[in-house]
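Contents: one structure, followed by commentary.
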Amino acid sequence: MKRFLDLLEEKGLKCFRQDSIPLDDYVHLSVDEQKKIYDPKFFLETHPTKGKKTVINPQYSKSLFKFFLDGSRRTYKIADVLVDDSYLPIVAGQIGAACCVRDGKRLKRHLQFQQNLMVLPDSINELTLEELKNNIERISLKGIKLRTINHEFKKTNGNLADQSVAKINSEMQGMELQIINEMHRERVLDTDSMIILDGSLEFINKPKLIEETFRHVVGVAKSFNSNLKELLKRRDQEIGTILSTLEFGERTPVFKIETNQLTIGAWYLRIRHREYMRSPMDGIIKVEKVALKSENEHLDGIDTGLIDNISMSLINERLPTCYGSDSRWASHLYPIYLTEKFLKSSFKSDYHFLNVF
């Protein structure tokens, strides 16, 4: 059976095949590398406190969240190729984004997108590259179709395959934005039917982004940079020194972050009891919401009552736990965990996917 890499070799490219290497366990992409401006002199909420704030309310039971969005990827280095005396990686991957909706006590699929991708060096001759793309995308092997994307590799000290993974990750984030835009057009989001996006909002880099689309979107990151210094008034003090003292149900003030033509309010919240955690950062999540310029939130701050209600809703979403099956259980929100499990179950197995290369 002819495979996808055979198409490259037919065009005269010299491929060095290898045992395919899964990359996701070795590549960790961080939004903290993006350009952003922190303002430690101004908290982005209407009634900020100087320090930590308890948001637990025993009588608060209704969650503001009805929709849960997660994106996922599986990436593999499948070969290396010689192009103009350069030794470059060929990376392929499966990506997807899914949104689930809570209907009573059940969680159902609302929207889902999936694709299979191959990253090709754009240093390949333009005519050859265009023909390759056409040849690859017009066929299906064992039920798998590929979309090709080009990438200009930058020779740095890092692993070149990481750049391909970042390119694939960007395509996955584009799917997440596509779902949010679709739900905004459907008008299904509201103040009591908000959506949680698994991950940071700081990846949003669309210059023509309509902020209104993100009015009812909250980003929740399970991992973050605890060594960040710019957020606090003492510029040399790391944020982790404050987070390690948070008790269950406590949050930080809302910090102001300017990035990618957006103003984002970000705060940290402990959703698990400290005494049951393995490390000081376990059980803490980073929460983000876009500050709407149409309501002067970028100047006056986001309503503190809304921040507290979002925080209480997130605490309510943490149970039941998924420890034992996921090492990140302490920072997981259970509906997001179920959405992620559903999405990953729709991917082809590694053996099936890699067998077409």
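Here are some notes:
- Candidates Leu29, Leu23, Leu13: the one that is modelled with pLDDT under 90 and open to solvent by 40 Å² or more (accessible area, probe 1.4 Å) is Leu29.
- Taken over the range 203-214, the criterion of being β-branched (Val, Ile, Thr) and either open to solvent by 90 Å² or more (accessible area, probe 1.4 Å) or modelled with pLDDT under 75 (or both) is satisfied by Ile210 alone.
- Top-ranked residue in the range 96-132 [being among the basic types (Lys, Arg) and either open to solvent by 70 Å² or more (accessible area, probe 1.4 Å) or more than 25 Å from the chain's Cα centre (by Cα) (or both); ranked as farthest from Met175 (Cα to Cα)]: Lys105
- Residues satisfying the stated conditions in the range 213-239, i.e. in contact with an Asp or Glu (Cβ under 6 Å, 6 or more places away or on another chain) and assigned to a loop (DSSP other than H, G, I, E, B): Asn225, Asn227, Lys229
- Remark: pairs (first residue in the range 338-357, under 16 Å from Leu141 (Cβ atoms); second residue open to solvent by less than 30 Å² (accessible area, probe 1.4 Å) and β-branched (Val, Ile, Thr); Cβ separation under 6 Å; 6+ apart in sequence or on different chains) = Val356/Ile144; Phe357/Ile78.
- Members of the range 215-227 found to be of a type outside the set (Gly, Ala, Ser), in contact with a helix residue (DSSP H, G or I) (Cβ under 7 Å, 6 or more places away or on another chain) and at pLDDT below 95, listed by number: Lys222, Asn225, Asn227
- Scanning the range 323-349 for residues that are in contact with a Cys (Cβ under 7 Å, 6 or more places away or on another chain) and part of a loop (DSSP other than H, G, I, E, B) turns up just one, His332.
- Some residue of the range 164-177 being outside any helix (DSSP H, G or I) and either over 30 Å from Asp190 (Cβ atoms) or of a type in the set (A, V, I, L, M, F, W, C) (or both): no
- Candidates Ser294, Ser331, Ser279, filtered to the one that is in contact (Cβ under 8 Å) with a residue 12 or more places away in the chain, open to solvent by less than 60 Å² (accessible area, probe 1.4 Å) and polar (S, T, N, Q): Ser331
- For the range 144-162, the tally of residues that are more than 17 Å from Asp84 (Cβ to Cβ) and open to solvent by less than 60 Å² (accessible area, probe 1.4 Å) stands at 7.
The values are calculated or read from the model by the stated rules, or taken from the named source; none is laboratory data. Given the structure is predicted, the values throughout are model-derived calculations rather than measurements. When we count neighbours, we look across all protein chains shown, and the Cβ atoms used for this are built from the backbone with ideal geometry, even at glycine. Heads up: the accessible areas ignore ligands, DNA and RNA and are worked out on the full protein's heavy atoms, side chains in. Shrake-Rupley method; radii C 1.70, N 1.55, O 1.52, S 1.80 Å.
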